[in-house]
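Where a number appears in this text, it was derived from the coordinates with a stated rule and is not lab data. The structure presented is a predicted model; accordingly, all values stated were derived computationally and were not measured. Methodologically, a virtual Cβ is constructed for each residue, glycine included, from the backbone with ideal geometry; neighbour enumeration extends over all protein chains shown.
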Amino acid sequence: MCGIVGAVAQRNVQGILLEGLKRLEYRGYDSAGMAVLSSGRLQRCRALGKVAALEARLESEPLEGSCGIAHTRWATHGKPSEANAHPHHSGERLAVVHNGIIENHETLRDDLRDIGYEFESQTDTEVVAHLMDREYRKGDGLLVAARRVLAKLEGAYALAVMHADEPDVIIGARKGSPLVVGVGIDEAFLGSDPLALLQVTDRFIYLQEGDVVRLSKGGVIEVFDDNGQPVEYTVHTFEHGDGVASKGDYRHFMLKEIFEQPAVIAAALEGRLGEHSVLVESFGPEAEALFARVQQIHIVACGTSFHAGMVARYWLERYAGVPVQVEVASEYRYRAVVVPENTLFVTLSQSGETADTLAALRFAHEQGYLGSLAICNVPGSSLVRESDLTLMTQAGPEIGVASTKAFTTQLVGLMLLTLALGRVRGLSNDTQTELVSALRGLPRLVSQVLALDGGIEALSMAFAEKQHALFLGRGAHFPIALEGALKLKEISYIHAEAYPAGELKHGPLALVDSDMPVISVAPNNELLGKLKSNLQEVRARGGELFVFADESVGLDEEEGVRVLRLPHIHDALAPILYTIPLQLLSYHVAVLKGTDVDQPRNLAKSVTVE
């Protein structure tokens, strides 16, 4: 994900902008640049590669001025190159930086070419620069020009614009991508997130969807809503202590990371959803052309990530109509793999350094795949560098060994992949709109499930003396049952297994008795009736049932049956929601058992050896 920094200050801003870019490096990028206004003249410096390359160039060609914008770019339109790096100019007097994707850039580009504009890059952002120039020439000022341009844009964006004719002004805007305003002493700043600006201020205004902001000399900040009306927001003080390295008010990192999931899921969606569909370019500049050729998919991963891939198989086959094979990475490269024509190779990893997954990717490079896609949480990791396409999950650093937020954001990324492939393969507009709307509502529903924590903690008491547990699920919820069993065994050391509920009579029913708690997820879908029958088989053998059920499901508590009701959610997204209570259950059982929750015995966070 790209990063933006801007400053209107009482001093030279080059150092401020450069430090801001360094603080945004965690977001992932392939080039960097900045533009500064000085004495009515626009100066620009760009470099391919890391911020250090830009810094080295600035040492020999410094920029001087009190107003400037800067950017780290992750390629979506056009390959990584200096010509495609931001800021983009129109003429020699206007500069733009942009995060996100302009969906209608091709139509706008054709219109601009027809009236004489020439393009130096392959990016959608240069379209915005020339549109701004065209509107600015009408003589109504930069703010009005920006409003006119924003009305023409379709897609997601965070923007910062400046013009040499207004040397102490920056216009910012956001729709679908984050942008914050930093409040200084007679100075004002823009950033993709507060971390970019903590070296100059700890006071921030969080812009809302559709907002436009005008920063000007003396630290003047004017915010307007999507109707052009002035608005005033509370200035928040950013509490930045130990940050990621601190558990804050939580007893363990794992609990903190479970409760971060509404925010990180929202971050995983930022800038990737259009009005009615997923922005395919979120996966990279070559994604749309490559996705159009995909006829099969192989997903390869380890552990928790493998479970995410198993869920995605149901989605991809249902909505994208693509056959999917899911493989354990440590097994994949030790057999004779048959690769059908036009098969996409997908890897999943929290760290991007998992040895078996990396080895599988390198093996796949020799097998004739159409291309490779990494869904990963760590920019700059080996998996990201060595894949053709990438999607960053934006979960932020995960300290607890047992993965929680990295898993749910992987699932979000896989649903985005499903919809991106569905879009280029003819998925109906109504279905795309329905699922995009459901994705937007997902963080709110996750928050509602987290509010059930007290009830889940009470359920955990029944596991305090147990040594075994059985998890059941059907369809896309069988992998969620597997993930629930993995979490319980990882951190509480209770032996746990998971089965498709329909397999009970084929073996695991022999284990069920009063000492074997059985945990099941029961969303309200077409398999509910069959699942209810499976649960009755458990009760008939004296098994104690713990059911996480949709609030509309007709399951009543009785002796030996405990029911926790979850808010209703779109069937496709239910696996994401239903993993949350299983994470909390495992956590509370582990606390009761007195284990080391964050660093369970014999396990490591990133498995970097085979």
Item to complete: Specify which residue in the list G116, A464, A53 is farthest towards the positive end of the charge dipole of the chain, using unit charges on the beta carbon of Lys, Arg (+1) and Asp, Glu (-1), about the Cα centre.
Response: A464
Worksheet item: Taking the Cβ of A156 as the center, what net charge do the other residues with Cβ under 13 Å away carry, scoring Lys and Arg +1 and Asp and Glu -1?
Response: -3
Discussion item. At a 10 angstrom cut-off on C-beta neighbours, averaged per residue, how do the peptides 467-478, 274-285, 226-237 rank from highest to lowest?
Written reply: 467-478, 274-285, 226-237
Worksheet item: For the Cα atoms of the chain, what angle does the longest principal axis make with the long axis of helix 355-364, in degrees from 0 to 90, nearest 10?
Response: 70 degrees
Worksheet, complete the sentence: Scalar couplings 3J(HN,Hα) for region 461-470 by Karplus 6.51 cos²θ - 1.76 cosθ + 1.60 (θ = phi - 60°), nearest whole Hz, x for Gly and Pro, are 4, 6, 9, 4, 10, 8, 10, 9, 8, 10
Worksheet item: Over region 253-449, what lengths in whole Å, largest first, do the semi-axes of the equivalent ellipsoid take, defined as the square roots of 5 times the eigenvalues of the alpha-carbon gyration tensor?
Response: 24, 22, 13
Worksheet entry | Lys, Arg +1 and Asp, Glu -1 on Cβ, resulting dipole of region 3-240 about Cα centre, debye, nearest 20 | 260 debye
Response to the item:
Binned at 10 Å starting from 0, the alpha-carbon pair-distance distribution of region 228-328 in whole percents comes out as 11, 24, 32, 19, 13, 1
Worksheet entry | Fully extended contour minus Cα-Cα distance, from H365 to L592, at 0.36 nm per residue | 77.1 nm
Response to the item:
In degrees, nearest 10, the alpha-carbon axis of helix 478-492 is tilted away from the dominant principal axis of the alpha carbons of the chain by 90 degrees
Worksheet item: Working out 0.36 nm times the residue gap between N342 and E106, then minus their Cα-Cα distance, what length gain in nm do you get to one decimal?
Response: 82.3 nm
Discussion item. Under 8 Å for C-alpha pairs, at least 6 residues apart: give me the relative contact order for the chain, rounded to a whole percent.
Written reply: 11 percent
Discussion item. Between R203 and R425, what is the label-point separation in nm under the 7 Å Cα-to-beta-carbon projection?
Written reply: 5.3 nm
Worksheet item: Computed FRET efficiency, Cβ-Cβ of Q448 and S60, R0 60 Å: what is it to the nearest 0.05?
Response: 0.60
Fill in: Amide hydrogen neighbours beyond the local backbone of L389, cut-off 5 Å, H modeled
S372, L373, A374
Worksheet, complete the sentence: Note to self, the chain gives a 222 nm [θ] from helices alone (DSSP H runs n ≥ 4, -39500 (n - 2.57) apiece, / all residues, nearest 500) of -10000 deg cm²/dmol
Discussion item. Let me check I have the definition right: for region 453-593, take the eigenvalues of the Cα gyration tensor, multiply each by 5, take square roots. What are those semi-axes in whole Å, largest first?
Written reply: 20, 18, 14
Worksheet item: Considering the dipole of region 3-240 built from charges on the beta carbon (Lys and Arg +1, Asp and Glu -1) around the Cα centre, which of V36, G210, V231 is farthest to its positive end?
Response: V36
Fill in: Alpha-carbon radius of gyration plus Dmax, which is the widest Cα pair, for the chain in Å
25.6, 84
Worksheet item: If the viscosity is 1.306 mPa s and the temperature 10 °C, what translational diffusion coefficient in µm²/s does Stokes-Einstein give for region 127-243 when Rh comes from Kirkwood over Cα pairs?
Response: 108 µm²/s
Practice prompt. Along Cα→Cβ, 7 Å out, is where each label goes; now give me the distance between the ones at A464 and F119 in nm to one decimal.
Written response: 6.6 nm
Worksheet entry | Estimated Rh, region 3-240: Kirkwood, alpha-carbon pairs, angstrom | 17.3 Å
Worksheet item: Taking 0.36 nm per residue of separation and subtracting the Cα-Cα distance, what length does fully extending N227 through D249 add?
Response: 3.9 nm
Worksheet item: Where the centroid of each part is defined by its Cα atoms, how far is region 87-132 from region 145-161 in Å?
Response: 11 Å
Worksheet item: Tilt of helix 574-593 relative to the longest C-alpha principal axis of the chain, in degrees (0 to 90, nearest 10)?
Response: 70 degrees
Worksheet entry | Cα centroid separation, region 294-358 to region 417-452 (Å) | 21 Å
Discussion item. Under a Cβ-only charge scheme (Lys and Arg +1, Asp and Glu -1), can you give me the dipole magnitude of region 253-449 about the Cα centre, in debye to the nearest 20?
Written reply: 240 debye
Discussion item. What is the sum of charges, Lys and Arg at +1 and Asp and Glu at -1, for the other residues whose Cβ falls under 11 Å from the Cβ of D140?
Written reply: +3
Fill in: region 552-591 pair-distance distribution - Cα-Cα, 10 Å bins, rounded %
23, 44, 31, 2
Item to complete: Take each of the peptides 356-367, 94-105, 77-88, 331-342, average the number of other beta-carbon atoms within 10 Å over its residues, and list them starting from the highest.
Response: 94-105, 77-88, 356-367, 331-342
Practice prompt. Taking the Cβ of P285 as the centre, find all other residues whose Cβ is under 12 Å away and add up their charges (Lys, Arg: +1; Asp, Glu: -1).
Written response: -4
